[in-house]
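The structure appears right after this line, and notes come after that.
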Amino acid sequence: MGSDSRRMCEWNRKKLKKELPDYAESVKDPRYVCEKCIRVAHKKKNICEPLALEKK
């Protein structure tokens, strides 16, 4: 996710717009959801309070 190692949960709208391609890649095929802010991610390390999504 770019050069910034912060979790997506901490991103503000300005950062999201700036890094949208990286963000889009990170949320493709989501495997985790953050229990705090409900954002999703493919990698557990990209969100604060990850909860694994069920695979169907």
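The values are calculated or read from the model by the stated rules, or taken from the named source; none is laboratory data. None of these values were measured; they are calculated from a predicted model. Cβ: placed from backbone, ideal geometry, glycine included. Neighbour counts: every protein chain shown.
The table that follows gives values for the structure above.
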| read-out | value |
| --- | --- |
| Unique match (being at pLDDT 85 or above and buried (at least 17 other Cβ atoms within 10 Å of the Cβ)) among Ala41, Ala24 | Ala41 |
| Residues satisfying the stated conditions in segment 7-31, i.e. in a helix (DSSP H, G or I) and under 18 Å from Lys44 (Cβ atoms) | Met8, Cys9, Glu10, Asp22, Tyr23, Glu25, Ser26, Val27 |
